[in-house]
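Q: Attaching a single structure in structure tokens format; questions to follow.
Please treat every number below as a calculation from the coordinates, not as lab data. Quick caveat: nothing in here was measured; it's all calculated off a predicted structure. Cβ atoms come from the backbone with ideal geometry, glycine included; neighbour counts cover every protein chain shown.
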Amino acid sequence: MQTHRLKCDVVIFGGGVAGLWLLALLRQQGFQTLLLETEALGAGQTRFAQGIIHGGTKYALLGKVTASSEAIAAMPGIWRDCLQGNGVIDLSKVKVLSENQCMWSHNALSSKLAGFFASKLMRSRTEEIKYQQRPVIFQNPAFKGKVYKLDEPVLDTSSIVHALAEPQQSAMMHIKGMPVFNKNSATDFNVEDIDANHWQIEAQRCVLMAGQGNAELAAAIRSAITMDIALPKMQLRPLKMVMLHGGLPEKIYAHCLEANVNPRITITSHEDSQGETVWYMGGQLAEEGIERSDAQQIKIAKQELHSLMPWLDFEKAQWACLDINRAEPEMGKGKRPDTSFFSINGAVITAWPTKLALAPKLAADILEQMKETNLTASGQSESELAALPAFPAPGYAALPWQEESRWSN
């Protein structure tokens, strides 16, 4: 059986938004880069994301204005430049679900919180929405709280994946199973693509950007290398998200705030396979729901919406839960990372964006590191590449609320 040999500068494992962004950025810089994916593009955490381009307001609300929170504060602007076709990556074809989000309180904000919203820091990030400009849901006479506009967009994650991937089709390979690393090498390995072609691939750098799959990739590398390689460990933080559709009044993109400022519930709106509005709910509801059954979580979600929006009727709605694991670097004692993460171990870079919004930052940081370590473009020549079989590209993952099986109960 013939094995095709391929040399490249960088191999990226994982076809989520972070891996695709890095692929596009490296190829722009002239590096011969190959992305490998075992499933479909966006099949991991990407398709479960709410699409919020987070700008760090949550950190400011909690009083944690740090270097990390300031770094993420730049993300909405970076994404908006790309959405307008003026950024480092052209995302002009991405569907913008909402230019802004809102934050609301179901009762009058506490004096402490109201004062904070009036502070100089928050005036630059939020503004109160007057009655006539509020979403219709919050114009009901029964609503007694306040509504603030948050200048952070919400994007359709599927369209992000398509926009990043379509110009890079020739640089992606759909493979079967895990790579087999050759002895004492983390950058020389064998894979089989879905067309049953066998490949021996040699790269200068391997970037593990497969989300939860990074743990299995790290184990495969460790098994091939006799000397210890201190690849970073991973932690998983679960969520139990809730979806509902059927008879919903309108699309909203909003966070409910309490006196402690943590979002009690976060709602984004999407469309199911029939074009019907879906509310997708996270926040504290999803974090606290991980020990509940689906039925228990849905019961709590119904109670929450009845408490927060008693003037709405959800009797015709159909409900479902999504269990998600967020993969990120191990922090210890349950600590959550505030920013993106990457670790360099020889020729291996292990990375987690930790948030959808941070994908541009992570890619830029990795590119800078590669330049600092004098990575040079030295892959195979165009004639050598032309003699190889075309790579079978992975397809695209469906969004979970568009899968009919999710709504079977």
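Q: Rounded to the nearest 500, what is the chain's calculated 222 nm mean residue ellipticity when only DSSP H runs of at least 4 contribute -39500 (n - 2.57) each, over all residues? Present the calculation step by step, with values, prior to reporting the outcome.
A: On the way: 12 runs with 103 residues, N = 409.
So the helix-based figure for the chain works out to -7000 deg cm²/dmol.
Q: Roughly what % of DSSP beta bridges within the chain run antiparallel, to the nearest 5? Numbers along the way, then the final one.
A: Numbers: 50 of 74 bridges.
DSSP beta bridges in the chain are roughly 70 percent antiparallel.
Q: Also, quick follow-up: Can you give the net charge of the other residues whose Cβ lies under 9 Å from the Cβ of Lys240, counting K and R as +1 and D and E as -1? Let's see the in-between values first.
A: On the way: positive: Arg292; negative: Glu287, Glu288, Glu291, Asp294, Asp323.
Summing Lys and Arg as +1 and Asp and Glu as -1 gives -4.
Q: Follow-up. Say the dipole of the chain comes from +1 at the beta carbon of Lys and Arg and -1 at that of Asp and Glu; which of Tyr396, Thr373, Ile225 then lies farthest toward its positive end?
A: About the Cα centre, the residue reaching furthest to the positive side is Thr373.
Q: Please compute P(r) over all alpha-carbon pairs of the range 139-262, binned at 10 Å starting from zero, and give each bin as a whole-number percent.
A: All Cα pairs, binned at 10 Å, distribute as 8, 24, 25, 18, 14, 8, 2 percent.
Q: Full-extension gain between Glu368 and Asn190, please, as 0.36 nm times their residue separation minus the C-alpha to C-alpha distance.
A: Numbers: separation 178, 0.36 × 178 = 64.08 nm, distance 2.82 nm.
Net length gain for the segment: 61.3 nm.
Q: Ok, one more. Take the cross-link list Lys95/Lys371; Lys233/Lys335; Lys95/Lys251 and give me the ones stretching past 22 Å between alpha-carbons. Don't skip to the end; give the middle numbers.
A: On the way: Lys95/Lys371 33 Å; Lys233/Lys335 14 Å; Lys95/Lys251 15 Å.
The answer is Lys95/Lys371.
Q: Find the all-direction average of the projected area of the Cα convex hull for the chain, expressing the result in square nanometres with one decimal place.
A: 21.5
Q: Tell me the volume per residue, in Å³, of the convex hull enclosing the alpha carbons of the range 316-385. Display every interim value, and only then the final one.
A: Details: hull volume 14.5 nm³, N = 70.
Taking only Cα atoms, the range 316-385 has a hull volume of 207 Å³ per residue.
Q: State the answer as a single residue: which of Pro310, Met331, Val278 lies farthest towards the positive end of the charge dipole of the range 277-337, with beta carbon charges of +1 for Lys and Arg and -1 for Asp and Glu, about the Cα centre.
A: Met331
Q: Right, here's the next one. Nearest 0.05, what FRET efficiency do Lys333 and Gln2 give at R0 = 45 Å with Cβ-Cβ as r?
A: Details: r = 51 Å, r/R0 = 1.14.
Here the calculated transfer efficiency is 0.30.
Q: Springs between alpha-carbon atoms under 10 Å, Gaussian network over the chain: tell me which of Ala220, Ala254, Ala387 tops the mean-square fluctuations.
A: Among Ala220, Ala254, Ala387, the largest GNM mean-square fluctuation belongs to Ala387.
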